[in-house]
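*Asks:* This is the structure I have questions about; it appears just below.
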Amino acid sequence: MMKTYNVGMVGAGFMAKAHSIAYAGMPMFFWPAPAMPVRKRIADSNPEAAMAGQERFGFQSWTTDWRDLVEDPDIDIIDICAPNNVHAEIAIAAANSGKHVICEKPLALTPVEAREMYFAAKKNQVKTMVAFNYRRTPAVQLAKKYIEEGAIGKILDFHGTYLQDWSAAPSSPLSWRFQKDICGSGALGDIGTHVVDMLRFLVGDFHSVHARTATYIKQRPLQTGAADRLGNVKGGENAPKGTVNVDDYCSFMVNCKNGAYGTIEATRNAWGRNNFITFEIHGTEGSIYFNYEHRDELQVCFSKDADDRRGFRTVYTGPSHPYGEGLWPIPALGIGYTETKIIEIYDFLHAIKEGQEADPCFRDGYAIELIADAVIKSAETRSWVDVAEIEEP
Ligand SMILES: NC(=O)c1ccc[n+]([C@@H]2O[C@H](COP(=O)([O-])OP(=O)(O)OC[C@H]3O[C@@H](n4cnc5c(N)ncnc54)[C@H](O)[C@@H]3O)[C@@H](O)[C@H]2O)c1
């Protein structure tokens with residue numbers, strides 16, 4: 001019999017959908033699976049969402065209190081798909097109960113919280129993962145392979161973006177994603193951290209940053225109903241308004257510890273850009289370009305090519321690329337958001353089963369919180385700020 005792990009999920013919204021599909025789909029892609037995940041119980045503070053979540057996302061029961069999951073000896077994994085302000089309390093309680101924890105990004109509201117989460121996981125020797133799923137796109141993993149093999153030489157510099165437009169309209173409501181006490185930061189934490197994770201993974205640790213942030217739309221319509229809404233909600237223009245107290249936009253220069261330079265830009269107010277996650281990395285012997293809106297493709301250029309042939313070429317990821325054996329048998333059939341989440345669950349279960357550290361784990365999530373904190377301090381002081389060092393337990 002294959003090993004099974006019982007999953008308790010907290011939150012029954014957008015990410016619960018993605019993670020539930022991943023638990024269901026993972027063994028269909030990756031067989032034999034490292035273990036079989038069982039969708040045991042789902043918790044949402046909103047009873048209607050919890051009840052619907054059980055039926056819709058295939059769980060055996062529901063509750064409105066996440067503590068029921070943490071205290072249940074039958075549950076092996078706590079999967080946190082709730083807003084950022086509750087990540088730390090749930091993850092620490094789960095680790096203290098001996099559960100493995102996968103937590104959505106950003107890991108926490110502050111580096112202090114993130115450090116406590118990392119320390120709790122270490123103390124209890126549980127495995128952790130932060131759900132920075134975009135780095136699991138096979139083309140991003142292929143970029144990592146090129147870099148590790150030295151195909152583009154020593155990295156000189158990079159440019160990364162995460163541009164969206166769902167909050168560009170002033171009628172886009174005051175989601176929890178615009179309220180500092182719930183989200184911690186705006187575009188920076190919500191989407192900028194994904195690019196930070198990818199570039200830290202590909203290029204290396206950040207040493208210092210110089211940033212600026214802006215809040216373009218300072219008042220947004222209050223929401224009605226329990227569900228959080230994104231984008232242009234019709235009729236919202238006339239609703240009473242509340243204050244946005246996080247950034248709509250951030251951009252920053254980066255000095256890496258290995259000497260590479262970079263720039264990163266994140267905004268949810270870029271009309272025409274939907275999920276425009278890109279990076280371009282230049283090395284002494286070539287360049288790599290990735291755009292998530294064309295996520296089956298990686299563009300590479302090599303200096304060693306003949307002068308009259310040199311230029312970016314497109315490699316479509318398929319069965320011979322990272323995770324290819326489990327995914328689809330033909331390149332360019334289409335890698336989606338779902339596949340990145342399926343790969344994430346595959347890697348997490350594999351790490352738990354083999355007793356290995358997952359990647360990115362809470363330590364990485366904490367490292368990224370330290371970078372985000374340096375970005376905020378830099379924007380406030382208009383100066384270069386060194387990223388604080390990780391404290392070890
Ligand atoms: N990896 C990604 O690409 C990605 C994308 C979107 C969101 N996220 C992250 O996922 C997390 C959840 O975001 P979402 O988009 O699913 O939000 P959402 O608003 O769609 O769903 C969150 C759910 O959590 C519930 N909830 C709130 N407080 C709770 C509590 N104390 N106990 C139990 N349930 C509670 C809400 O009622 C809601 O149903 C956030 O941390 C967010 O940053 C990650």
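The values are calculated or read from the model by the stated rules, or taken from the named source; none is laboratory data. Predicted model only: the values in this text are computed from it and were never measured. Using ideal geometry, Cβ is built from the backbone for each residue, glycine included, and neighbour counts are taken over all protein chains shown.
*Asks:* In this structure, is residue 293 surrounded by fewer than 18 Cβ atoms within 10 Å (Cβ to Cβ), under 17 Å from the mean Cα position of the chain (by Cα), within 16 Å of the ligand (Cβ to nearest atom) and within 17 Å of residue 141 (Cα to Cα)?
*Replies:* Considered against the rule, which asks whether it is surrounded by fewer than 18 Cβ atoms within 10 Å (Cβ to Cβ), under 17 Å from the mean Cα position of the chain (by Cα), within 16 Å of the ligand (Cβ to nearest atom) and within 17 Å of residue 141 (Cα to Cα), residue 293 comes out as yes.
*Asks:* Give region 10-29 a look and list any residue that's of a type in the set (Gly, Ala, Ser) and at negative phi, or say none.
*Replies:* Once the filter is applied, which keeps residues that are of a type in the set (Gly, Ala, Ser) and at negative phi, region 10-29 yields 12, 13, 16, 18, 20, 22, 24, 25.
*Asks:* Filter region 115-135 for residues that are under 15 Å from the mean Cα position of the chain (by Cα) and more than 8 Å from the ligand (Cβ to nearest atom); which is surrounded by the most Cβ atoms within 10 Å (Cβ to Cβ)?
*Replies:* Checked region 115-135; the qualifying residue surrounded by the most Cβ atoms within 10 Å (Cβ to Cβ) is 130.
*Asks:* So which residues in region 273-286 are crowded, with 18+ Cβ neighbours inside 10 Å and more than 14 Å from residue 134 (Cβ to Cβ)?
*Replies:* Once the filter is applied, which keeps residues that are crowded, with 18+ Cβ neighbours inside 10 Å and more than 14 Å from residue 134 (Cβ to Cβ), region 273-286 yields 273, 281, 282, 283, 286.
*Asks:* Residue by residue through region 91-108, note down the ones that are surrounded by 24 or more Cβ atoms within 10 Å (Cβ to Cβ) and in a helix (DSSP H, G or I).
*Replies:* 91, 94, 95
*Asks:* Restricting attention to region 170-182, does a residue exist that is without any contact (Cβ under 8 Å) to a residue 24 or more places away in the chain and in contact with a Gly (Cβ under 9 Å, 6 or more places away or on another chain)?
*Replies:* no
*Asks:* Just one of the numbered conditions (1) within 15 Å of residue 102 (Cβ to Cβ); (2) part of a loop (DSSP other than H, G, I, E, B) is not true of residue 391; which one?
*Replies:* Tallying (1) within 15 Å of residue 102 (Cβ to Cβ); (2) part of a loop (DSSP other than H, G, I, E, B), residue 391 fails exactly one: (1).
*Asks:* Taking the conditions exactly as written (over 20 Å from residue 128 (Cβ atoms) and either of a type in the set (S, T, N, Q) or touching a Lys or Arg at 6+ places or on another chain (Cβ under 6 Å) (or both)), does residue 58 satisfy them or not?
*Replies:* yes
*Asks:* When both residues are 6+ apart or on different chains and their Cβ atoms are under 9 Å apart, which pairs have a first residue that lies in region 127-147 and is in contact (Cβ under 8 Å) with a residue 40 or more places away in the chain and under 16 Å from residue 324 (Cα atoms), and a second that is within 10 Å of the ligand (Cβ to nearest atom) and basic (Lys, Arg)?
*Replies:* Close Cβ pairs satisfying both conditions: 136/341.
*Asks:* Given (1) surrounded by fewer than 16 Cβ atoms within 10 Å (Cβ to Cβ); (2) modelled with pLDDT of 95 or more, identify the lone condition not met by residue 1.
*Replies:* (2)
*Asks:* Being assigned to a loop (DSSP other than H, G, I, E, B) and either at pLDDT below 95 or farther than 30 Å from residue 211 by Cα (or both), is that true of even one residue in region 342-355?
*Replies:* Taking every residue of region 342-355 in turn, at least one turns out to be assigned to a loop (DSSP other than H, G, I, E, B) and either at pLDDT below 95 or farther than 30 Å from residue 211 by Cα (or both).
*Asks:* Considering region 153-181 alone, what residues qualify as being more than 16 Å from the ligand (Cβ to nearest atom), more than 25 Å from residue 347 (Cβ to Cβ), of a type in the set (A, V, I, L, M, F, W, C) and touching a strand residue (DSSP E or B) at 6+ places or on another chain (Cβ under 6 Å)?
*Replies:* Matches in region 153-181: 156 only.
*Asks:* Still on this structure, please answer the following. Could you list all residues from region 102-115 that are closer than 15 Å to residue 393 by Cα and in contact (Cβ under 8 Å) with a residue 60 or more places away in the chain?
*Replies:* Once the filter is applied, which keeps residues that are closer than 15 Å to residue 393 by Cα and in contact (Cβ under 8 Å) with a residue 60 or more places away in the chain, region 102-115 yields 111, 113, 114, 115.
*Asks:* Continuing with this model, one more query. Taking only region 71-101 into account, find how many residues are of a type outside the set (Gly, Ala, Ser), away from the ligand (no atom under 11 Å from the Cβ) and in contact (Cβ under 8 Å) with a residue 60 or more places away in the chain.
*Replies:* 9
*Asks:* Out of all the residues in region 1-24, which are more than 16 Å from the ligand (Cβ to nearest atom), in contact (Cβ under 8 Å) with a residue 60 or more places away in the chain and over 22 Å from residue 88 (Cα atoms)?
*Replies:* The answer is 3, 5.
*Asks:* Same structure, new question: Which residues, taken from region 126-168, are part of a loop (DSSP other than H, G, I, E, B) and either among the acidic types (Asp, Glu) or touching a helix residue (DSSP H, G or I) at 6+ places or on another chain (Cβ under 9 Å) (or both)?
*Replies:* If the condition is that a residue be part of a loop (DSSP other than H, G, I, E, B) and either among the acidic types (Asp, Glu) or touching a helix residue (DSSP H, G or I) at 6+ places or on another chain (Cβ under 9 Å) (or both), then 126, 127, 131, 132, 137, 149, 151, 152, 164, 165, 167 are the ones that fit.
*Asks:* Just checking, which of 376, 330 is surrounded by fewer than 17 Cβ atoms within 10 Å (Cβ to Cβ), among the β-branched types (Val, Ile, Thr) and over 18 Å from residue 25 (Cα atoms)?
*Replies:* 330
*Asks:* Taking residue 55, is it out of contact with any Ser or Thr (no Cβ under 8 Å at 6 or more places or on another chain), within 16 Å of the ligand (Cβ to nearest atom) and over 25 Å from residue 85 (Cβ atoms)?
*Replies:* Yes, satisfied.
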